[in-house]
Amino acid sequence: MKIKPILISLVIVTLLTVAPATPSRAASVVSGFIYATCGGISGSLQIRLNRDNTGSGAEAYQISVTDGNGKSLISIYGSGALGSSFTIGNTGYSFPPDANPISFTVISSTGNGLPSQEVTSVSGNCPGLPYNALVIAPNGVALPIGFVLRTITCTTFVYDKPAGKPTKGGEHVDQGQTWFVNKKPLKAADGTLWTEIFVGAPVLVYMPTKCVSKT
């Protein structure tokens, strides 16, 4: 009868030994931001690789940009060692877009028993192109209620909150671009008005309302 506790202990030790140590969380954004523009993506985005979806101590990923009709503008496949990071920077499109919105997505690939996972996504607009209302943003990031398409009237940084600080990557919007914005501006403590921009991801960024067209 004294053997039973020993057997139970051995079973527990065995289970703990074979438990997977590799994290299942996909790659994650370290810093920066990317904008999808008419001719390419701009900005700088650093991503850290976290999970082994290759079986060889590396994470495989895909970077894609599509227009509102689903046309592929950029398609890049890569991989890197776990714990390492890579940076996505200014990259031109292989083909010109035909419709808005233009959607940028980074996906951790399927493999080694792990499903694909979205790492990050952003949506932008190109002035003059038609808008495909059936496509709001990649992977179900829907346009919030109360947001309307407006033209940017002056080049400005985007901020982490009304009257706050520019985002860490120094991201900006340019005069002449069109973005979906909240039609109800917010008043900061200093009395200035700020407008929230929809970037196709669960990220809140703001710009001065004075740089947004009224119609």
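No value in this document is a laboratory result; all are computed from the given coordinates. Predicted model, so just to flag it, every value in this text is computed and none were measured. All Cβ positions, glycine included, derive from the backbone under ideal geometry; neighbour counts span all protein chains shown.
Using Cα pairs closer than 8 Å and at least 6 residues apart in sequence, work out the relative contact order for the range 55-113, in percent. After rounding, I find 47 percent. Straightening the chain between Q62 and S44 buys 4.8 nm, computed as 0.36 nm per residue apart minus the Cα-Cα spacing. Model label points for Y77 and Y131, set 7 angstrom from Cα along the Cα-to-Cβ axis, are 3.5 nm apart.
Near S28, within a Cβ-to-Cβ distance under 13 Å, what is the net charge of the other residues, with Lys and Arg +1 and Asp and Glu -1? Net of charged neighbours comes to +1.
Counting only pairs 8 or more residues apart or on different chains, how many lysine pairs in the range 157-202 have their Cα atoms under 18 Å apart?
For the range 157-202, the number of qualifying lysine pairs is 4.
Here the alpha carbons of the range 64-215 define both size measures, Rg and Dmax, at 16.8, 54 Å. Extension gain, T153 to K210: 0.36 nm times the residue separation minus the Cα-Cα distance gives 19.7 nm.
Around W194, with a cut-off of 9 angstrom between Cβ atoms, what is the net charge of the other residues, counting Lys and Arg +1 and Asp and Glu -1?
Computed value for this residue: +1.
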